[in-house]
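Input: a single structure, listed below in structure tokens.
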Amino acid sequence: MEVVAVFLPLAGAVIAGLFGERVGDRGAQVITSGFLILSALLSALVFINVAVDGNAYTTELFTWFDSGSLELSWAIRMDTLSAVMLATVTIISAAVHVYSMGYMEHDPSKPRFFAYLSLFTFFMLMLATADNFLQLFFGWEGVGLMSYLLIGFWFERPSANAAAIKAFLVNRVGDIGFALGIAAVFFLFGSTDFDTVFAEAPEFAETTFTFLGIQGQALDIVGILLFIGAMGKSAQIGLHTWLPDAMEGPTPVSALIHAATMVTAGVFMLCRVSPILEYAPLALEVITIVGALTAFFAATIGMAQNDIKRVIAYSTCSQLGYMVFAVGVSAYGAAIFHLMTHAFFKALLFLGAGSVIHAMDDEQDMRKMGGIWRMIPFTYAMMWIGSLALAGVPPFAGFFSKDVIIEAAYASHTGHGMFAFWLGVIAAFMTAFYSWRLLFMTFHGESRASREVLEHVHESPRVMTGPLAVLAFGAVIAGIAGYSAFVGDGRAAFWADSLFVLAQQDSIEAAHHAPLWVKLLPVLLAAGGIALAYQMYVRRPELPAEVTQRIRPVYLFVLNKWYFDELYRGLLIRPAMLLGSALWRTGDMGTIDAYGPDGIAARARGLARQASRLQSGYVYHYAFVMLIGVVAFVTWYMLTQSG
């Protein structure tokens, strides 16, 4: 059953991609979407069997590598962690596929788009069900490739091409760390099989080795290298710059990348290697600090953005920071819980934003919207639900998953845990503010759109609103339904086959005994953020301009995304381009080509031109040359005979 669920998206991608002309646009849409819906249904059955009933197993398909001491099978690993990811990815992807049938209605390349979507999903499922590090890396790189193709789907746009290349290159930086981490795992354990590595991890807790001239605990080095890979995929601070630019792709692509697939791959991988990280305290500390900084800095940027999709993109970056610092304080169950709930309400927000863009004639600037909630009431209601879940308002899903992460950070009673707690609390306030700023600027107040646009504002078709309803249902009930199993009393039995936590580092257990003020503070700050957004964008809409004028340097700092792009452009991109240009001109063209192919060709052309002068066409010239030849031949003959 799990094999069929994993390979159905691949089958749909092959049919739509290779036989798109035969099956037609509608056929490609129906086949890929139908296969994803069937895969989602099968995944739900697998989840019940594996996660609920506790029947974990591994299905071996064939031998993949058999070289010396390295022997690996291609296998489908079905434990609770894989089952959760399988169900989440297929449900979100099925919703995105169906939604895309309406959103991409007028696009001329529907088969190619749906083939890319399905192939993207297949690679994510391969990653989630991998039984060893190399199989995981296969899915990891496949997701990166498909993100490049999807972000640059509208390749006729220079901005889309640039965004696709940027995503690909930034992720390659992280992937170098990930590949080195896998190599270090094989060096230490002599295997890349999960069961073998995880079983032997405690034996290497005190082992040291030298990496790049630095001697340290082996598992700390391995954990940090693996985390560098996660930083690229999960857009942590420093390797996050590709994520906002990924908005150049179609909105369904944004929903798929940001909700349950590519960006959560890093979080999933970190949870998968929990048996290693639990014996790597330095790595956990680094993970916590980076995650907390990401949650904070992305939230500050989200407060100032005006593009509706970019606000939600930075929201994703911030929420990924929560998931990552949850891993850092050993709250792995909370990280996956937030991953799952976030998938529903973030996909809902992105697809809801797509519905708004569809209604507003492709307008994405919130400053040109406003006053449209009566015209698209269903989309408005869906955005309300998504915003409530994102802000962490009870009883919506985000409240249960995000708050337990904040409580676990406090309850870890470590310096880096308290650092993450306070940044997480501040980010919770900013999250509520920017999510409701988006809601109020988009739907409330006086309309700032042109009359031509307003005349055509309309609700999206049912093929687009139906998936919104499904995702909204998940955004409402996922937190309540999953709390006990993921982070509550049933978590020990639920995660027994896939997550490992040392007893003295069980921050989720400690979180249940956190003081009342710790539990109430995020909710109160969320309410304060919503109230502030209401005051500034509904009651006193002139206030934002006054505030930004008074704190203009700070406003410009966050509006320009902490100048990360400018910093990288100055420190890395421009020097690299200057060096490349110099090597190209002096090394390639000036040396290699000048004295190599180009030089030889130039000399051959010169000799040919000189030789061509002998072909004058005059008989006496040819007779003179023949006479010279005869004289030379006779002279040579006489000299040789006399010798």
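The values are calculated or read from the model by the stated rules, or taken from the named source; none is laboratory data. These numbers come from a predicted model, not from an experiment. No Cβ is skipped: glycine too gets one built from the backbone with ideal geometry, and neighbour counts run over all protein chains shown. Ligands, DNA and RNA are excluded from the accessible area calculation, which covers all protein heavy atoms including side chains. Shrake-Rupley method; radii C 1.70, N 1.55, O 1.52, S 1.80 Å.
So here's what we get for this one:
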read-out: Isotropic mean projected area of the C-alpha convex hull, segment 26-139 (nm²); value: 7.9 nm²
read-out: Overall dimensions of segment 261-404 by Cα: Rg and Dmax, Å; value: 16.7, 56
read-out: Over segment 499-643: Kirkwood hydrodynamic radius from C-alpha pairwise inverse distances, Å; value: 26.3 Å
read-out: Eligible lysines near residue 368 by straight Cα distance, threshold 26 Å, same-chain separation 8 or greater; value: 309, 346, 561
read-out: Largest-first principal axis extents of the Cα set of segment 21-71 (Å); value: 49, 35, 10
read-out: More than 21 angstrom apart: percent of Cα pairs within segment 90-159; value: 32 percent
read-out: Solvent-accessible ranking of 637, 332, 380, largest area first, probe 1.4 Å; value: 637, 380, 332
read-out: √(5λ) per eigenvalue of the Cα gyration tensor, segment 408-465, largest first, Å; value: 42, 15, 6
read-out: For the chain, the Rg and Dmax computed from alpha carbons only, in angstrom; value: 30.2, 120
read-out: Distance from segment 460-493 to segment 5-65 (C-alpha centre basis), Å; value: 21 Å
read-out: Relative pair counts by distance (%), Cα atoms of segment 420-565, 10 Å bins; value: 8, 21, 29, 24, 13, 4, 0
read-out: P(r) tail fraction, segment 288-333 - alpha-carbon pairs more than 12 Å apart, %; value: 55 percent
read-out: Stokes-Einstein D in µm²/s, Kirkwood radius over Cα pairs - segment 481-529 at 10 °C with 1.306 mPa s viscosity; value: 126 µm²/s
read-out: Kyte-Doolittle mean at least 1.0, axial Cα span of 24 Å or more - DSSP H helices of the chain; value: 2-18, 80-103, 110-128, 133-151, 158-189, 281-302, 332-359, 415-443, 462-487, 516-534, 619-642
read-out: Within the chain, longest stretch clear of exposed trypsin sites (Lys or Arg not before Pro) (DSSP loop, no more than 12 other Cβ within 10 Å); value: 1-373
read-out: Segment 288-371 - Debye-derived log10 I(q)/I(0), Cα point model, q = 0.12, 0.25 Å⁻¹; value: -0.41, -1.12
read-out: Segment 394-463: GluC sites (Glu not before Pro) in DSSP coil with no more than 13 other Cβ atoms inside 10 Å; value: 446
read-out: Cβ-defined net charge surrounding residue 500, 14 Å radius [Lys, Arg +1; Asp, Glu -1]; value: -4
read-out: Debye log10 I(q)/I(0) for segment 560-612, one point scatterer per Cα, at q = 0.17, 0.28 Å⁻¹; value: -0.65, -0.94
read-out: Segment 439-482, Cα convex hull volume normalised per residue, Å³; value: 81 Å³
read-out: Per-selection Rg to Rh, segment 445-527 - Cα, Kirkwood hydrodynamic radius; value: 1.23
read-out: When the convex hull of its Cα atoms is projected in every direction, mean area for segment 483-561 (nm²); value: 9.1 nm²
read-out: Convex hull of Cα atoms in segment 585-643, direction-averaged projection (nm²); value: 6.8 nm²
read-out: For segment 1-88, the Rg and Dmax computed from alpha carbons only, in angstrom; value: 16.0, 49
